[in-house]
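The values are calculated or read from the model by the stated rules, or taken from the named source; none is laboratory data. All of these numbers come straight from a predicted model, not from anything done at the bench. Here Cβ is always computed from backbone atoms with ideal geometry, including for glycine, and neighbour counts include all displayed protein chains. With ligands, DNA and RNA removed, areas are computed over all heavy atoms of the protein, side chains included. Shrake-Rupley method; radii C 1.70, N 1.55, O 1.52, S 1.80 Å.
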Amino acid sequence: MEMILRKEPSLTKQVDEFGWNPLHFAAYKGFKRPVRTLLMADKHMAYGTIKEENKTPLHLAVINNKIQAVEEIIEKCPDSLDAVTSKGQNVLHIAYAKEHWKMITLFEDQHWNNNIFEQRDTNGNVPYKVTGKNVSFHSHPCWEELDRNNIILEELDEKWFKGRMEVWEERANTHLIVVTLILTVSFAAGFTIPGGYNGDDGPNKGMAIISKKTAFKAFAVADTIAMISSSAAVFLHYVATYNEEGRRLSRYYAAGILALVAMLAMMIAFMTGLYVVLPSASLAIFICVICSLSLAVFIFILGRNFCDSFQETMKKY
C-alpha cells in the first residue's frame, strides 16, 4: 500500500460508484495498519461519506465494532467524531444501537467531555435511547461475495484444525511418556553425582568430589536444562487438559519443542558425565566424538523432517 501511494497518491481521492473511498474499506474491515497508512497519506478521507446515509469511515468502523480502527481514526482526526449520518446520528448513536459495549466504554473513557453524549438525532433521541431498529446499514455489494468465500475458508480451516488436533493428541501421549522418563532420569542423575561425594570430615563433607572440573559443571548445567525442560513439558500437557482446543494445540506445540530440548540436554549430560569419570582420556574423547556425531545426526534428521513437513503443507495450499 505504501508503494502504491508513493507512486499514485491521487488514488486516495478516488471513490467508487457507491461513494466508498479506500479508507471506508479499511475501516469497515478494521485493518489497523492500513487505516494508519491511509490517514498518514490523506486525512481528508476520514471525512468522506458514502451515498447510503452519508456514513463516514468512522461510522463504518463503529458499525462493525472495529475498535482499533476507531482509535486510529480518532487519534489522527479527532473532529471526525462530530460527523453525523443523514439521520443525524453520531458514532455513539450507532454504538448504542448495535450494543457494542466496549466501543461505548471507549468513548466514555476518552471522550466524555464531547457533546456526542447529548447530541440528538432527527427523531430527537439521545444516543443511549437509540435501538437497533433506528439504524440500518447495507454493506458494499462486493462484501457479499467475500463473505461467501470467508464462510468456505472458515469451514476448510475448521476441518484442518480438527485434523491437526487428532494428530497432536496422538503425539501428545508419546511425548508425555518420553518427557516423564527424561524427568525421572535427570532428577535421579542430579543426586547420583558422577565421582561421588566427599566423605571426609571437614568443610567439604558431602560435596561433589570433582565439582571443580569443567566437564562436571557442563554436566550439572545440561542435567538441569533436561530436568527443567521435561518438567515444563509435563506441566504444559497437564495445563492443556483444562484449555480449549485452540489453546490446547499451542500447548502441544510448545511441549513438543521442550521435549526435544530435554532429549538433547540429556545426551549432553550423559556425554559430559562419562567424560569426567573415565580414567582414560582417549576413551573419554572417543565417547564424546560418538555422542557429538549422534547429536549432529539427530539435528540433521530433525531439520529434514521439519523441511519435509513444511513443503507438504505448502503443497496443500
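Some values worked out for this structure:
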| read-out | value |
| --- | --- |
| Integer Hz, Karplus 6.51/-1.76/1.60 couplings in order for segment 258-275, x for Gly and Pro | 5, 5, 5, 4, 5, 5, 5, 5, 5, 5, 5, 5, 4, 5, 6, x, 5, 4 |
| Portion, in percent, of the accessible area of segment 80-129 that falls on carbon or sulfur, probe 1.4 Å | 43 |
| Area accessible to solvent at ILE177, 1.4 Å probe radius, in Å² | 110 |
| Extension gain (nm, one decimal) between THR241 and ARG171, 0.36 nm per residue minus Cα-Cα | 23.7 nm |
| Inter-label distance for ALA296 and SER86, nm, one decimal - labels placed 7 Å from Cα along Cα-to-Cβ | 7.6 |
| Gyration tensor (alpha-carbon) shape descriptor, segment 250-300, a/c threshold 1.5 | oblate |
| Gap separating the Cα centres of segment 211-227 and segment 1-19, nearest whole Å | 62 |
| Cross-link pairs LYS7/LYS102; LYS43/LYS66; LYS55/LYS76; LYS32/LYS162; LYS7/LYS29 - those with Cα-Cα distance over 27 Å | LYS7/LYS102; LYS32/LYS162 |
| Per residue value of the accessible surface for segment 1-114 (all protein chains in place, 1.4 Å probe), Å² | 52 |
| Spread of Cα-to-Cα distances over 5 Å intervals beginning at zero, given as percent, for segment 206-291 | 3, 15, 18, 16, 13, 10, 9, 7, 5, 3, 1 |
| For segment 14-115, size of Cβ-based charge dipole, Lys and Arg +1, Asp and Glu -1, in debye | 260 |
| Candidate residues LYS43, LYS55: accessible-area rank, largest first, probe 1.4 Å | LYS43, LYS55 |
| Using θ = phi - 60° and Karplus 6.51 cos²θ - 1.76 cosθ + 1.60, couplings along segment 165-175 (whole Hz; Gly, Pro as x) | 5, 4, 5, 6, 5, 5, 5, 4, 4, 5, 4 |
